[in-house]
Amino acid sequence: MGLPAFRRSRSQVRRARSHLAIEAPQLTKCPNCSKLTLPHRACAFCGFYKGRQVVAIKADILAKRETKRKKQEEKAKAKKK
Ligand SMILES: [Zn+2]
């Protein structure tokens, strides 16, 4: 362990750094909702992969909860009457 024996030349440094740039991610169109998503991954917008739903969408879960709550509230009101 210690200091490097020689200073790296500008060209060595620049050649090494030529591989450090960040690339834009490859995007593919979702066959279900046709939005741009990452390949080989479930669609972030509709949760589809290989033509079927594999991941539940948070908005759907929240909407279902909301409808459940409303139904329960209606039941409670009906009981009070
Ligand atoms: Zn999709």
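Each reported figure results from applying straightforward, stated rules to the coordinates on display, with no laboratory input. Please read these numbers as outputs of a predicted model, since none were measured by experiment. With ideal geometry, Cβ positions are generated from the backbone for all residues, glycine too; neighbour counts draw on all protein chains shown.
Across the range 2-39, the number of residues qualifying as within 16 Å of the ligand (Cβ to nearest atom) and hydroxyl-bearing (Ser, Thr, Tyr) comes to 3.
For the range 47-81, filtering for residues that are exposed (fewer than 10 other Cβ atoms within 10 Å of the Cβ), among the small types (Gly, Ala, Ser) and not in a helix (DSSP H, G or I) leaves 1. In this entry, Ala44 passes the filter for residues that are closer than 29 Å to Pro25 by Cβ, surrounded by 10 or more Cβ atoms within 10 Å (Cβ to Cβ) and small (Gly, Ala, Ser). Test Ala42 against the criterion of being assigned to a loop (DSSP other than H, G, I, E, B) and either in contact with a His (Cβ under 7 Å, 6 or more places away or on another chain) or within 11 Å of the ligand (Cβ to nearest atom) (or both), and give yes or no. Considered against the rule, which asks whether it is assigned to a loop (DSSP other than H, G, I, E, B) and either in contact with a His (Cβ under 7 Å, 6 or more places away or on another chain) or within 11 Å of the ligand (Cβ to nearest atom) (or both), Ala42 comes out as yes. Within the range 27-51, residues that are closer than 22 Å to Ile61 by Cα have Cβ atoms under 6 Å from residues that are aromatic (Phe, Trp, Tyr) and part of a strand (DSSP E or B) in these pairs: Asn32/Phe48; Ala42/Tyr49, counting only partners at least 6 apart in sequence or on another chain.
For Arg14, the requirement of being outside any loop (DSSP other than H, G, I, E, B), free of Cβ contacts under 8 Å to residues at least 24 places away in the same chain and either basic (Lys, Arg) or in contact with a Leu (Cβ under 6 Å, 6 or more places away or on another chain) (or both) is met.
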